[in-house]
Amino acid sequence: MHELGITQNIIAIVSENAQDKKVQRVLLEIGKLSAIMPDAIKFCFDICAKDTIVEGALLEIIEIPGMAKCRQCDSIIHLEKPFGICQCGSVQLDLITGEELNIKEIEVEELCV
């Protein structure tokens, strides 16, 4: 399960960018064509966050659909797999979206002094 290593890296990046503030929420974007399983990331998240400033944070995941542009007819098509065929019959497709893995937002605790 490569999602464990990916989740460990996500926690490390979030921790570094939180600047020692307690993390409340993490929003990820995961492309449907990325070969990353959102459920596996969710499963690993709490385990990897234990004893870090990310422990207890809410994890939200937005799944980005796969889309490609046909080189033959310029149509934009939706993809469920990293390959496909356009309605014009062409298999020459350029992926537009679906391979993302982005940490979109990090919400940290603000302390009032």
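Values in this text are rule-based calculations from the coordinates and carry no lab data. Remember, predicted model here, so these are calculated numbers, not experimental data. For neighbour counting, all protein chains shown are included, and Cβ atoms are generated from backbone atoms with ideal geometry for every residue, glycine included.
Of note, residue 100 satisfies the criterion of being touching a residue at least 60 places away in the same chain (Cβ under 8 Å), closer than 30 Å to residue 11 by Cβ and not β-branched (Val, Ile, Thr). Examine the range 74-91 for a residue that is of a type in the set (Lys, Arg) and touching a residue at least 24 places away in the same chain (Cβ under 8 Å), and state whether such a residue exists. Yes - at least one qualifying residue is present in the range 74-91.
Any residue at all in the range 17-26 that is within 29 Å of residue 79 (Cα to Cα) and of a type in the set (S, T, N, Q)? It would help to see each step written out before you state the result.
Step one: of the range 17-26, the residues within 29 Å of residue 79 (Cα to Cα) are 26.
This time we only want the ones that are of a type in the set (S, T, N, Q), so: none.
Looking for residues that are within 29 Å of residue 79 (Cα to Cα) and of a type in the set (S, T, N, Q), one finds none in the range 17-26, hence no.
In this structure, does residue 95 turn out to be part of a strand (DSSP E or B), surrounded by 14 or more Cβ atoms within 10 Å (Cβ to Cβ), under 16 Å from the mean Cα position of the chain (by Cα) and hydrophobic (A, V, I, L, M, F, W, C)? Considered against the rule, which asks whether it is part of a strand (DSSP E or B), surrounded by 14 or more Cβ atoms within 10 Å (Cβ to Cβ), under 16 Å from the mean Cα position of the chain (by Cα) and hydrophobic (A, V, I, L, M, F, W, C), residue 95 comes out as no.
Where residues in the range 55-89 are among the small types (Gly, Ala, Ser) and surrounded by 15 or more Cβ atoms within 10 Å (Cβ to Cβ), which of them is farthest from residue 22 (Cα to Cα)?
So the first thing to find is which residues in the range 55-89 are among the small types (Gly, Ala, Ser), and the list is 56-57, 66, 68, 75, 84, 89.
With surrounded by 15 or more Cβ atoms within 10 Å (Cβ to Cβ) added as a condition, the list becomes 57, 66, 68, 84.
Values: 57: 8, 66: 34, 68: 39, 84: 43 Å.
Among residues in the range 55-89 that are among the small types (Gly, Ala, Ser) and surrounded by 15 or more Cβ atoms within 10 Å (Cβ to Cβ), the one farthest from residue 22 (Cα to Cα) is 84.
If you go through the range 12-36 and pick out every residue that is out of contact with any Ser or Thr (no Cβ under 6 Å at 6 or more places or on another chain), without any contact (Cβ under 8 Å) to a residue 60 or more places away in the chain and surrounded by 14 or more Cβ atoms within 10 Å (Cβ to Cβ), you end up with 0. With the structure loaded, tell me whether residue 7 is among the hydroxyl-bearing types (Ser, Thr, Tyr) and within 14 Å of the chain's Cα centre (by Cα) or whether it fails that test. Against the criterion (among the hydroxyl-bearing types (Ser, Thr, Tyr) and within 14 Å of the chain's Cα centre (by Cα)), residue 7 qualifies.
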